[in-house]
Ligand code: 4NP
């Protein structure tokens, strides 16, 4: 079957946006019958929440839509992550800038992208940070992540002929 496609979702804390993207994408991959072909992970550019489960508000929003993310634990983005993933997706521009700072010079630039560059709906290109907001912010993040993740999966399937 060849090498799996290794994909990493990155935000600031790794307790809201990127754990959700990891969980939603994994579920969509599973529903497509492609679990064997992917290795899916997430990480934060900040290290405050290493070892912590995702934010309970993000867990609740995801669970209400049928996606369980409560088993995930926070990871801090490490330079080696850039070598071991085919695609590293930042949730906002600051994330992408911080990811690029860790990248070796010879890394192909296309390995690091904004997650929402795959969003089929025109918008800001950033997933807003819901951490200091209310529940509506978490709902909005879910909707953005769900549709962008679906389009991302179609993109990769097209690339690989899956
Ligand atoms: P995330 O949200 O980057 O989507 O996980 C945040 C979580 C925690 C913090 C900031 C953003 N924080 O400052 O602790």
Qualifying positions in the stretch 115-143 - within 16 Å of the ligand (Cβ to nearest atom), assigned to a helix (DSSP H, G or I) and touching a helix residue (DSSP H, G or I) at 6+ places or on another chain (Cβ under 7 Å) = 115, 116, 135, 138, 139, 141, 142
ask   = If you go through the stretch 56-74 one residue at a time, do you hit one that is touching a strand residue (DSSP E or B) at 6+ places or on another chain (Cβ under 9 Å) and either loosely packed, with under 14 Cβ neighbours inside 10 Å or at negative phi (or both)?
value = yes
inquiry  = more than 18 Å from residue 22 (Cβ to Cβ) and touching a strand residue (DSSP E or B) at 6+ places or on another chain (Cβ under 9 Å): which single residue out of 125, 91 fits that description?
reply    = 125
ask   = Between a first residue in the stretch 4-22 that is on the phi < 0 side of the Ramachandran plot and a second residue that is at pLDDT below 95 and within 8 Å of the ligand (Cβ to nearest atom), which pairs have beta carbons less than 8 Å apart while being 6 or more apart in sequence or on different chains?
value = none
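Give me the residue from the stretch 1-19 that is farther than 24 Å from residue 101 by Cβ and in contact with a helix residue (DSSP H, G or I) (Cβ under 8 Å, 6 or more places away or on another chain) and, out of that set, surrounded by the fewest Cβ atoms within 10 Å (Cβ to Cβ). Break it down into steps so the answer makes sense when it comes.
Taking the stretch 1-19 and keeping what is farther than 24 Å from residue 101 by Cβ, we get 1-5.
Still in the list and also in contact with a helix residue (DSSP H, G or I) (Cβ under 8 Å, 6 or more places away or on another chain): 1, 4-5.
On the way: 1: 5, 4: 14, 5: 19.
Per the criteria, the residue is 1.
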inquiry  = Looking only at the stretch 98-114, filter to residues that are assigned to a helix (DSSP H, G or I) and in contact with a strand residue (DSSP E or B) (Cβ under 8 Å, 6 or more places away or on another chain); which one of those is surrounded by the fewest Cβ atoms within 10 Å (Cβ to Cβ)?
reply    = 100
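The values are calculated or read from the model by the stated rules, or taken from the named source; none is laboratory data. All figures in this text were calculated on a predicted structure; none of them were measured in a lab. All Cβ positions, glycine included, derive from the backbone under ideal geometry; neighbour counts span all protein chains shown.
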